[in-house]
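Here is the structure we will look at.
The values are calculated or read from the model by the stated rules, or taken from the named source; none is laboratory data. Quantities reported herein were computed from a predicted structural model and do not represent experimental measurements. Heads up, the Cβs are rebuilt from the backbone with ideal geometry, glycines too, and the neighbour counts pull from every protein chain shown.
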Amino acid sequence: MQSKGMEDDSIYAALAVENQKKCKPPLEEDEVNNIFQSVLRYQKQIIAMPDKQPLNGRFTVKQLMDEKLENIPSIVEDMLTPGVALLGAPQKTGKTFFCLQLADAITNGKDFFGRKVKQGPVLYLAFEDHKYSFSHRLKRMGVEPNENLIIRFFASGENFDLKACIEEEFRKKMNFKAIIIDTFAKIRKSGDRNYESEYKEIAEYHKLGLLYGLSIVLVTHLRKEINPALPFDSIYGSRGLTAGADCILVMYKRNHISKTRQLTIQGKDIPDDEITLVQTDKCTFEIAESEYDEALDENLSKVINFIVDKKSYEGSHDQLCSELKLNIRGKGLSMLMRKNIEILKDSNITYEILPRTNKARKMKLQYLGDDPI
């Protein structure tokens, strides 16, 4: 009974009934209680999972086509299905806000960028943040208080057991539709980054997702260089990760000074798609009215790309114009930088005019966006 996940009260009641009917004479109550306490030392399992469907068997094509099988319902239409999903996004693109917005939509059954959602509780496992920053984010986003979005904080993901965590929550009657793990790197079991080991690791999460009828969303890192034509290749690791995933989402900027984000979607049973998103003042995302940003100054783009790559620069405006082969002189670059100071800030670049010396006035540019992987 313990292995089938039955409630403690039910187990004790059954023991008491069996004792009275089968034992001659019946055991004393203290001895029945000792047996009961002994039973509870074993891990309580769960075998009756929601949305569980047979994963094996032998069928002819005719049998499969004739049998009326229920489709496994999507968690988010044409975006998330039961199993495992990879969500890749560079730092400073708002991936935590995106994940919280996704969790809020599923919890409340609200459409997510125009896509239907299967409503249900969501578990958010945070390994890189604390409760104060999450409280601030949720309030800024305007999320309504509820009991079905559970956020658990962990100082370390070392030896983390997701299956045990899920079963613990299911015993609390939390029939989750999605679990978001931020970030996947914190719970990795293997240090190997080859195809075979990564495919094996992601396959375990795939089986867990199907077993429990939920989507396990693994938030992961992207490589620094993102090819817009092949965004899924930017996911950090071998191709074993993407091969084993049921759904892949990649959110990124087309360039460092872009105001919008591209959300590309790919999955085993969903159509490929791409959505252009813009972040609001509340830090939530919505579909952008126009697909691409307005044309940006070519000189400014070159400067930003240079600083993101080199991390810092100190020298005169004229020297930078010469090094980057800009089609403007130092004075023009100085005016361009001052005019677009907010764009520089959005790109995590600080711009500082240094004190004048007997030589040309220097400036200092520094990129603050890199976090360690």
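Tallying residues that are more than 16 Å from residue 285 (Cα to Cα) and aromatic (Phe, Trp, Tyr) within region 78-137 yields 4. Where in region 105-187 are there strands (runs of 3 or more DSSP E), lying wholly inside it, with at least 2 residues that are under 24 Å from residue 273 (Cα atoms)? Qualifying strands (runs of 3 or more DSSP E): 178-182.
Inside region 155-202, residues that are touching a strand residue (DSSP E or B) at 6+ places or on another chain (Cβ under 9 Å) and of a type in the set (Phe, Trp, Tyr) make up a count of 3.
Can you pull out the residues in region 109-145 that are loosely packed, with under 11 Cβ neighbours inside 10 Å and either in contact with a Gly (Cβ under 9 Å, 6 or more places away or on another chain) or under 19 Å from residue 176 (Cα atoms) (or both)? 144, 145, listed by residue number.
Within region 15-41, residues that are outside any helix (DSSP H, G or I) have Cβ atoms under 9 Å from residues that are not aromatic (Phe, Trp, Tyr) in these pairs: 26/19; 26/20; 26/32; 27/19; 27/35; 40/2; 40/8; 40/11, counting only partners at least 6 apart in sequence or on another chain. All of 294, 323, 314 fail the test of being in contact with a Lys or Arg (Cβ under 9 Å, 6 or more places away or on another chain), exposed (fewer than 15 other Cβ atoms within 10 Å of the Cβ) and either β-branched (Val, Ile, Thr) or at pLDDT 85 or above (or both), apart from 314. Only one of the listed residues (111, 30, 78, 51) is at pLDDT 85 or above, more than 30 Å from residue 236 (Cβ to Cβ) and under 24 Å from the mean Cα position of the chain (by Cα). That residue is 111. Scanning region 214-250 for residues that are at pLDDT below 90 and within 19 Å of residue 176 (Cβ to Cβ) yields a count of 0. If you go through region 268-275 one residue at a time, do you hit one that is of a type outside the set (Gly, Ala, Ser), modelled with pLDDT of 90 or more and assigned by TED's automatic domain parsing to the domain that holds residue 361? No.
Residues in region 73-108 that are surrounded by fewer than 18 Cβ atoms within 10 Å (Cβ to Cβ) and either among the basic types (Lys, Arg) or touching a helix residue (DSSP H, G or I) at 6+ places or on another chain (Cβ under 8 Å) (or both): 92 only.
For region 198-212, the criterion of being of a type outside the set (Gly, Ala, Ser), under 30 Å from residue 367 (Cα atoms) and assigned by TED's automatic domain parsing to the domain that holds residue 264 is met by no residue. Taken over region 154-181, the criterion of being of a type in the set (Lys, Arg) and in contact (Cβ under 8 Å) with a residue 60 or more places away in the chain is satisfied by 171, 177.
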